[in-house]
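Beneath this line is the structure, given in structure tokens, with notes to follow.
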Ligand code: F6P
């Protein structure tokens with residue numbers, strides 16, 4: 001756990017959100033917009049589909065199918081200004097300790113800063129340190145990928161198993177899946193995260209220990225799941241390799257900020273890749289936590305991905321807000337969350353390689369902005385992070401899209417698609433993209449009772465076949481899914497989350513909400529394991545569950 005400041009550190013002064021002029025205006029403007037249909041907004045402005053678009057760092061955003069007028073956008077942009085988004089952004093980029101509850105800088109942008117840029121934290125330029133680690137990672141990856149790095153029995157590495165959880169897993173898995181097209185296919189990658197032993201057992205059941213490298217990825221190197229899995233991996237390896245402790249050095253490397261714990265585990269710090277407390281777990285996929293990604297796609301592709309992140313960082317930092325993709329996405333999400341009572345946002349990538357992208361974004365968005373108090377500690381009186389969820393298209397169309405089209409809830413959608421497929425086959429890609437455009441069109445414009453009747457539908461069936469429309473979506477387009485584009489996409493959402501947090505006046509960079517459950521589990525573990533019947537002091541339900549489990553296990 002991070003050290004905690006005794007008194008609340010200074011913050012950029014902003015009036016409480018509810019008292020900002022733009023917030024008040026949005027409240028009354030939302031009433032006006034509640035009855036406005038996207039059909040009318042489009043009919044009134046034939047250029048709308050071209051006008052309400054923006055391009056940044058090579059990504060194209062069509063936000064025309066949102067329930068906004070120019071006036072709405074004007075007020076939302078004023079909200080960003082009144083919230084002092086620029087000042088907050090500069091504070092983050094310059095290494096100020098904006099994570100006030102943990103007294104830490106928030107500098108994932110330094111992880112992709114080019115050589116020569118300088119970002120100073122506590123009197124030290126962190127950019128050279130970032131590049132030093134990147135160079136060490138590259139040298140290591142080259143050795144493993146070329147077969148020069150040998151296991152204990154002198155065999156080259158064929159399998160890489162990343163052990164980590166949360167930010168030390170979701171980024172690596174997502175990036176591996178997203179960039180599989182660029183990966184070295186004769187290496188097998190597995191990802192173990194869950195403390196459920198099935199996760200480990202299934203990951204290694206067909207692997208030859210002599211050819212397997214474990215990457216233990218944990219910022220703190222104390223996380224229950226990761227350390228349990230790492231010890232199990234150690235035992236598994238030693239059993240397979242005749243119990244020689246010296247095998248560990250050939251088959252285990254660590255990614256962590258905690259050298260002492262790494263050493264305690266038995267991994268030589270020569271085989272450790274470090275990062276720093278100013279990298280939040282969910283913002284760490286481009287730190288050394290990306291070691292498995294670099295092993296898969298190679299150092300050159302990895303650096304290209306960092307370049308993509310950096311391009312989006314610069315876009316976010318410098319583009320005017322009316323053309324700023326992360327800012328627009330954030331403002332629109334706030335519009336629906338706080339003024340239309342939308343509870344969720346669906347992330348719908350029409351790209352099979354992005355199948356883990358929604359899961360990745362869940363931690364990024366919800367661990368960051370699932371907060372109920374402001375930076376000043378006051379209870380918020382508005383909704384903060386919506387629930388992010390999603391599945392790749394077109395699969396979702398045959399399961400949950402029914403609710404998005406005709407259910408009773410408003411679910412803004414982000415469609416993500418690419419001009420080109422990485423695996424062009426016949427007409428597949430045109431069909432895929434036709435579905436993206438069709439879904440966004442159907443959601444926005446729907447189908448009226450008159451249209452349904454005109455198709456000859458029986459009167460009694462008409463209501464069932466009506467699509468009310470007016471359901472908002474964004475379409476994000478890029479040329480094709482490359483390492484560069486993946487970096488841009490992740491940075492797009494990172495800065496969207498930052499912008500949301502600034503406007504909601506919350507700390508997007510701590511995660512105290514995960515602590516209580518962790519602490520209680522630590523208390524319950526011995527109560528389940530003790531041979532003697534333990535004295536239980538939980539509530540009656542928890543006590544009963546513990547007793548039942550003890551009887552039956
Ligand atoms: O779930 C809480 C959390 O601290 C996440 O923020 C983090 O990504 C994850 O646990 C893993 O932490 P570590 O990398 O320290 O093992």
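For this structure, a couple of remarks:
- Degrees, to the nearest 10: 291-318 long Cα axis against longest axis of the chain: 40
- Centroid-to-centroid, using Cα positions, region 442-503 and region 153-217 are 35 Å apart.
- Shape of region 500-549, Cα gyration tensor, a/c cut at 1.5: prolate
- When 107, 528 are sorted by how many other C-beta atoms sit within 10 angstrom of their C-beta, beginning with the fewest, the order is 528, 107.
- Burial ordering of 547, 104, 381, fewest other beta-carbon atoms within 10 Å first: 381, 547, 104
- Tail beyond 22 Å, pair distance distribution of region 362-463 (Cα, percent): 54
- Over all directions, the projected convex hull of the C-alpha atoms in the chain averages 30.5 nm² in area.
- Förster radius 51 Å - calculated FRET efficiency between residue 543 and residue 180 (Cβ-Cβ, nearest 0.05): 0.60
- An ellipsoid equivalent to region 148-193, defined through the eigenvalues of its Cα gyration tensor, has semi-axes of 22, 15, 6 Å when rounded to whole angstrom and sorted largest first.
- Our helix-only sum for the chain, with -39,500 (n - 2.57) per DSSP H run of n ≥ 4 divided by its residues, gives a mean residue ellipticity at 222 nm of -13500 deg cm²/dmol.
- Mean separation of Cα pairs under 8 Å and 6 or more residues apart, divided by the residue count, gives the chain a relative contact order of 18 percent.
- Between residue 208 and residue 479, full extension at 0.36 nm per residue minus the direct alpha carbon distance yields a gain of 93.6 nm.
- Computed label-point distance, nm, for sites residue 378 and residue 521 using a 7 Å Cα→Cβ extension: 3.6
- In degrees, nearest ten, helix 540-552 long axis to first principal axis of the chain (Cα): 50
- For region 446-496, the spread of Cα positions along the three principal axes, ordered from largest to smallest, is 52, 22, 12 Å.
- Scattering profile of region 53-205 at q = 0.16, 0.21 Å⁻¹ [log10 I(q)/I(0), Debye over alpha-carbon scatterers]: -1.17, -1.32
- Separation in nanometres of the label points that stand 7 Å from Cα toward Cβ, at residue 125 and residue 44: 5.4
- Helix 224-240 axis versus longest C-alpha principal axis of the chain: approximately 40°, rounded to the nearest ten.
- Global form of region 224-271, assessed from the alpha-carbon gyration tensor, a/c cut-off 1.5: oblate
- Just so you know, the Cα atoms of region 1-131 work out to an Rg and Dmax of 20.3, 58 Å.
- Here the residues 174, 431, ranked from fewest to most Cβ neighbours within 10 Å of their Cβ, fall in the order 431, 174.
- Taking 37 °C and 0.692 mPa s as conditions, region 280-325 diffuses translationally at an estimated 277 µm²/s according to Stokes-Einstein applied to its Kirkwood radius (Cα pairs).
Every number here is computed from the coordinates shown, using simple stated rules; none is lab data. Everything numeric here is computed off the predicted structure, so don't read it as measured data. When we count neighbours, we look across all protein chains shown, and the Cβ atoms used for this are built from the backbone with ideal geometry, even at glycine.
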